[in-house]
């Protein structure tokens, strides 16, 4: 065993020479462990929230949206063929989107009306899994002969609640863009029958979105065989910005793309900033624990003054003495870090498996704490903890190396 390491381990034991660590050492180790465990759990929960929100947002909106100047895409079938042939793209589907007013039995509400293709949209969006009643196939008016001439519509569950409408109810959709009359633009209205309700878990979407068949939207808005844009699903969501840039080149002049990082830039930037701030704040716990390391090493220096003097008299250099106490601090930090990581992983596993912390579903978009441990967070926490532990050893080790052996033996 290395000489400095042997002396460091000896100093960390009790005076009786037992293998148990001294009380001060135990306090220092526990302080570091609690800080590391807290960091692991809090960052894992924040990662879980971020991933849960991302999956919900990307379930109701696509990874990339393709638009054309003028907001009208003709021959969209050919455009979709070009998009789907681009490397990294999984599928694409056309859509029409406009703002409307929807009136129900007891209220009127503003909404975003989206015309979608029920055959291709499941390959791009996660709509089938969020349907609370009915299905996307109900939007295929040709398969619903009992509906007569009334086209079908699917509403967000919050929007339906506000309107006082359920499945089978009739709503009146009013578009501000209608026919041109001698008195100006006249709004256009049409009755739709509710064939389904969806719940994404995000209030803004559940309270404002309504889906109809693409052909019904074209007919209602008088657009003809065109669409407003194309939604794209990619194989790797983190490559969406790169693929969007490629699509702009492939489609040529007049087309532009927006990926999910641009459409939700402020939201995810806020989450990232919050995570960074939490990391900095919680690192202060480890910083406080480092003062325990400093006090422990100073106490060891005071207690082992004669031992240090004897070592110096036997030929130990200042560098060797300093290394002894640096190793003591690193050992305390390493043991605390390992215990904290084990405790953090264990607590995260229990949270993930047993879900014993419940959240009010009417306030949050989830009912339990989501947990996701990222390897980068673990690496950063480990490096930060060991660095703080190393810095905490500098002053006590420097103080120990400056001891004069003759004075220490005379007055020690």
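What follows is calculated from the coordinates using simple rules that are stated; it is not laboratory data. None of the values given here were measured: they were computed from a predicted structure. Here the Cβ is made from the backbone with ideal geometry for all residues, glycine too, and neighbour counts use every protein chain on show.
How big is the chain by the Kirkwood estimate over distinct Cα pairs, in Å? Please list the in-between numbers first.
On the way: mean 1/r = 0.0380 Å⁻¹.
Mean inverse Cα-Cα distance, inverted, gives 26.3 Å.
Would you mind getting me the FRET efficiency between residue 295 and residue 320? Use the beta-carbon distance for r and R0 = 35 Å, nearest 0.05. Show your work: numbers first, answer last.
Details: r = 23 Å, r/R0 = 0.66.
After rounding, the FRET efficiency stands at 0.90.
Along the Cα-to-C-beta direction of residue 235, a point sits 7 Å from the Cα; which residues of the stretch 67-109 have their amide N less than 20 Å from that point?
Once the point is set 7 Å along Cα→Cβ of residue 235, 80-93 turn out to lie under 20 Å by backbone N, inside the stretch 67-109.
Would you mind getting me the FRET efficiency between residue 131 and residue 394? Use the beta-carbon distance for r and R0 = 41 Å, nearest 0.05. Walk me through the numbers before you get to the answer.
Values: r = 62 Å, r/R0 = 1.50.
Working from the Cβ atoms, E equals 0.10.
Would you mind calculating the gained length between residue 366 and residue 149 on full extension (0.36 nm times residue separation, minus the Cα-Cα distance), in nm to one decimal?
Values: separation 217, 0.36 × 217 = 78.12 nm, distance 3.94 nm.
Full extension from residue 366 to residue 149 adds 74.2 nm.
Expressed in nm to one decimal, what extension gain is obtained for the pair residue 174 and residue 404 from 0.36 nm per residue of sequence separation less their Cα-Cα distance?
Numbers: separation 230, 0.36 × 230 = 82.80 nm, distance 9.12 nm.
Here the segment from residue 174 to residue 404 would lengthen by 73.7 nm.
Below 8 Å between Cα atoms, with a sequence gap of 6+, how large is the relative contact order for the chain in percent?
Working: 703 pairs, mean separation 112.1, N = 412.
So the answer I get is 27 percent.
Rounded to the nearest 500, what is the chain's calculated 222 nm mean residue ellipticity when only DSSP H runs of at least 4 contribute -39500 (n - 2.57) each, over all residues? Let's see the in-between values first.
Values: 14 runs with 214 residues, N = 412.
Value at 222 nm, helices only, nearest 500: -17000 deg cm²/dmol.
Describe numerically, in nm with one decimal, the distance between label points set 7 Å from Cα along Cα→Cβ at residue 264 and at residue 119.
3.0
Run the simple label-point estimate for residue 87 and residue 278 please: 7 Å along Cα→C-beta, distance reported in nm.
Placing both labels 7 Å along Cα→Cβ, they lie 3.8 nm apart.
Ordered by packing density, taken as the mean number of other Cβ atoms within 10 Å over each peptide's residues, highest first, how do 164-172, 76-84 rank?
Details: 164-172: 15.7, 76-84: 17.2.
Per-residue Cβ counts within 10 Å, averaged per peptide and sorted highest first, yield 76-84, 164-172.
In nm, to one decimal, how far is the residue 108 label point from the residue 69 one, both placed 7 Å along Cα→Cβ?
Between residue 108 and residue 69, the simple spin-label model gives 3.8 nm.
Could you list log10 I(q)/I(0) for the stretch 70-253 at q = 0.09, 0.15, 0.17 Å⁻¹, which the Debye formula gives when each Cα is one point scatterer?
-0.35, -0.91, -1.12
Which of 159, 351, 273 has the fewest other C-beta atoms within 10 Å, and how do the rest follow up to the most? Write out the running numbers ahead of the final one.
Values: 159 25, 351 19, 273 10.
Ordered from fewest to most neighbouring Cβ atoms within 10 Å, 159, 351, 273 come out as 273, 351, 159.
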